[in-house]
Amino acid sequence: MDRFVSLVATMMAVDGRVMARSARRNSIIVVILLFLFMSAYVSGVIAVAIWLAEIFGPLGAALTIAIASLTLAVFVLAYALLMNRAERRRYRAAKYATEDMLQGLVGVVPTMMREKPISGLAAVAGLAFVLARAYQKK
């Protein structure tokens, strides 16, 4: 709830025109940088191809670059799959930990309602909020 309040306060304090101008400027910069990095990459690949063509011939240079690119792509794909699997495990562990915490909290609420009704009401409201958020993310 604190994060929500701080997010709303931040959104109210920020001018929308400044954010739009900043987003537009950043998107233009990203496009220019993407173009420059891609041209540098293509120039590098062409330079390596010319250098390899002197050693292996044109066909050997093309095959060497294709095999190197394919190998790099397989490594990047394997890394992405491993990171996605780890993220799913962390998400599942956090979900189960939240469910266990909520089950323990549900057992305490009736006692709290008898002892201190106002605190119990606040606890029930917080529990309802947390449950609503948990089921909303599914």
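Quick notes on this one:
- Selection within region 37-96 - open to solvent by 80 Å² or more (accessible area, probe 1.4 Å) and basic (Lys, Arg): ARG85, ARG88, ARG89, ARG90, ARG92
- Any pair with Cβ under 9 angstrom, 6 or more apart, that starts in region 63-92 at a residue that is in a helix (DSSP H, G or I) and ends at one that is aromatic (Phe, Trp, Tyr): LEU63/PHE56; THR64/PHE56
The values are calculated or read from the model by the stated rules, or taken from the named source; none is laboratory data. What you see is a predicted model; the values in this text were computed from it and never measured. When we count neighbours, we look across all protein chains shown, and the Cβ atoms used for this are built from the backbone with ideal geometry, even at glycine. Note: accessible area is taken over every heavy atom of the protein model, side chains too, but ligands, DNA and RNA are not part of it. Shrake-Rupley method; radii C 1.70, N 1.55, O 1.52, S 1.80 Å.
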